[in-house]
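Just so it is clear, none of the values below were taken in a lab; they were calculated from the coordinates. Predicted model only: the values in this text are computed from it and were never measured. Cβ placement follows ideal geometry from the backbone for every residue including glycine, while neighbour counts extend to all protein chains displayed.
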Amino acid sequence: MIYIAFDAATKTGWAFRIYGEWTTGVVDPRNWDAVEKLLLGAMQRGVDHVVIEDCYLGVNPHTHKVLAVVQGLITGACLNVGLPYEIIPAATWHDNFRITGDRVECKRGAMKVATVYLGAPAGISQDEADAVCLCDYMDRVHAATERGIR
């Protein structure tokens, strides 16, 4: 499986890795055509699964609603182009990389993990860094499942 990961937000970071090379960017999920174009382009490069970071529940109700809509837009685009998706809580991949602290510390930690340890290009946004970490986590989970470890 080759995943594309989304850090769902009003400016959604995304990332996928093919043969060790990261492709990352940011997309406005409210632009349906842009999300579908991104997914179709990723599929042409070999992506066959999507992972989306789940809405964080610890924010105010308005922000949670906005994030839920964004998550719905991304899942809808996945369904429209025929890509299966999974939704993973941020805490799951944070724990895996031992990223802790408040939101700012977690963003800083993900940036370090993505650029220093996972080889993502310098200069990526924090949202892209989150997507890189989530994508790497899912790649490793899938590899472990394939080997019968998990």
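Binning at 5 angstrom from zero up to the longest distance, how are the C-alpha pair distances of segment 33-73 distributed in percent?
It works out to 5, 21, 21, 19, 14, 11, 7, 2, in whole percents.
Among residues other than TYR85 whose Cβ falls under 13 Å from its Cβ, what is the net charge (Lys/Arg +1, Asp/Glu -1)?
With Lys, Arg at +1 and Asp, Glu at -1, the net is -4.
For segment 1-95, what relative contact order do you get, as a whole percent, if you take Cα pairs closer than 8 Å and at least 6 residues apart?
Worked out over segment 1-95, it gives 31 percent.
Quick check: residue separation of LEU79 and ARG98 times 0.36 nm, minus the Cα distance between them. What number comes out in nm?
3.6 nm
Longest segment of the chain with no chymotrypsin sites (Phe, Trp or Tyr not before Pro) in a DSSP loop having at most 16 other Cβ atoms within 10 Å?
57-150
Nearest 500 deg cm²/dmol is fine: what mean residue ellipticity at 222 nm does the chain get from its DSSP H runs of n ≥ 4 alone, each adding -39,500 (n - 2.57), divided by its residue count?
Helix contribution divided over all residues of the chain: -16000 deg cm²/dmol.
For the chain, what is the number of Lys pairs with C-alpha distance below 24 angstrom, counting only pairs 8 or more positions apart or on separate chains?
Going through the chain pair by pair, I get 5.
Relative contact order (percent) for segment 84-135, with alpha-carbon contacts under 8 angstrom and 6 or more residues of separation?
Taking the mean separation of contacting Cα pairs over the length of segment 84-135, I get 30 percent.
Local charge sum around THR75 (other residues, Cβ-Cβ under 13 Å, Lys/Arg +1, Asp/Glu -1)?
-4
For THR10 and GLN44, calculate 0.36 nm times their separation in residues minus their Cα-Cα distance, and state this gained length in nm to one decimal.
9.7 nm is the gain from fully extending THR10 to GLN44.
Using a Förster radius of 30 Å, what is the FRET efficiency between ARG108 and HIS62 based on their Cβ-Cβ separation? Nearest 0.05, please.
Computed FRET efficiency for ARG108 and HIS62: 0.75.
Which of ASP139, ASP48 comes first, and how do the rest follow, when ranked by fewest Cβ neighbours within 10 Å?
Placing the least packed residue first, the sequence is ASP48, ASP139.
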